[in-house]
């Protein structure tokens, strides 16, 4: 979904009982991704809360992330 939305950077990691995402992109693309995570996610996924924090590190380019999978 992140690539479809048009994010430039993306990283996802399953950390014990939650998922952590690092995303990079234009504000409208970031908002669209956050909306997807909060409301449009697959029905089998349970989203308890979404915490948004600034991140000043490097986020992997989305095309590179898809190659790592």
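How much FRET efficiency would the formula 1/(1 + (r/R0)^6) give for residue 4 and residue 49, where r is the Cβ-Cβ distance and R0 is 30 Å, rounded to 0.05? Don't skip to the end; give the middle numbers.
Working: r = 24 Å, r/R0 = 0.80.
Computed FRET efficiency for residue 4 and residue 49: 0.80.
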Read-out percent of Cα pairs over 14 Å apart, derived from the coordinates shown; its label in [x] 55; [y] 61; [z] 64: [y]
query: Given the rule -39500 (n - 2.57) for each run of at least 4 DSSP H residues, summed and divided by the residues of the chain, what is its mean residue ellipticity at 222 nm, to the nearest 500 deg cm²/dmol?
result: -7000 deg cm²/dmol
task: Just grab the label-to-label distance for residue 21 and residue 35, each label 7 Å out from Cα along the Cβ direction, in nm (one decimal).
output: 1.3 nm
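Each value in this text was obtained by applying a stated rule to the coordinates, not by laboratory testing. All figures in this text were calculated on a predicted structure; none of them were measured in a lab. All Cβ positions, even for glycine, are placed from backbone atoms using ideal geometry, and neighbour counts span all protein chains on display.
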